[in-house]
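Presented below is the structure to which this report refers.
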Amino acid sequence: ETVDSTRQEITAQPSRGWNERMKIALAWQVVSVLLTGTAVFSQLLADQGVNLPTTQSFINYVVLGLIYGGIMLRRGRRPREVWWKYFAIAVADVEGNFLLVLAYQYTTITSVQLLDCFTIPVVIILSRQFLGVRYSWMHLGGAGLALAGLALLVTADAIMGTKDSGDESASNPILGDILVMIGSTLYGISNVGQEYMVKERDRIEFLAHLGVFGAIISGIQMGILEHE
């Protein structure tokens, strides 16, 4: 939906629009807490010398595939979208997860969580280009400030290095920062693809394919890179 149509809907039904916004905001706060928990445990595993970034995500895709794949099979409907588009989104999602979790081996949880915001400008650019989403100057200004903050953080990691960071977990901060930014870019690609599929196609079908393809991709990668 465009910004204009959204404004008209909110104006026509102000109470409903406000309630929907509050529900979405609350849902995202819950998601943020869960993501923070994931980040903390990823850092704890890295501190213990556990390096299994693909394995950490594998079970998520298996569960998605089993639950939503089962629902899709019960429906008995043919997919509405060609398989390779789901596969491409799954590749971006799996590798985005892989690189972000791998980054904990080289940099601090603070750097990972802050640099993860690089997803925002990526999503803005891709959604404007492929989904036709229009953003205000406030959105663009906020994204610009985020990029400026990220640049300062990377510069600080480059200047301080490992010895001056005060954190033993930061064995190679610059490499970790680069991994986070590449992973965040893949996340942005995945997020835009997910939005299109969920809104324009079918949510159950998308989650089923993401789970199945994600489990296959991460399973193969896990066997190659993390078999020991």
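The values are calculated or read from the model by the stated rules, or taken from the named source; none is laboratory data. Just so it is clear, the model here is predicted, and its values are computed rather than measured. Note: ideal-geometry Cβ built from the backbone for every residue, glycine included; neighbour counts use all protein chains shown. In case anyone asks, the SASA skips ligands and DNA or RNA and just uses the protein heavy atoms, side chains included. Shrake-Rupley method; radii C 1.70, N 1.55, O 1.52, S 1.80 Å.
Tabulated values for the structure
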{"quantity": "At least 18 Å along the helix axis (C-alpha) and Kyte average at least 0.5, DSSP helices within the chain", "calculated": "53-75, 83-103, 137-160, 173-200, 203-225"}
{"quantity": "Helix-derived mean residue ellipticity, 222 nm - over the chain, DSSP H n ≥ 4, -39500 (n - 2.57), to 500", "calculated": "-27000 deg cm²/dmol"}
{"quantity": "Anisotropy class of region 14-54 from Cα gyration tensor, a/c 1.5 cut", "calculated": "prolate"}
{"quantity": "Net lengthening on full extension, Lys85/Glu20 (0.36 nm per residue, minus Cα-Cα)", "calculated": "20.4 nm"}
{"quantity": "Gain upon complete extension [Leu145, Val30; 0.36 nm per residue less C-alpha separation]", "calculated": "38.9 nm"}
{"quantity": "Charge dipole magnitude, Cβ of K and R +1, D and E -1 - the chain, Cα centre, debye nearest 20", "calculated": "1160 debye"}
{"quantity": "Nearest-10 value in Å² for the accessible area of Leu179, using the 1.4 Å probe", "calculated": "20 Å²"}
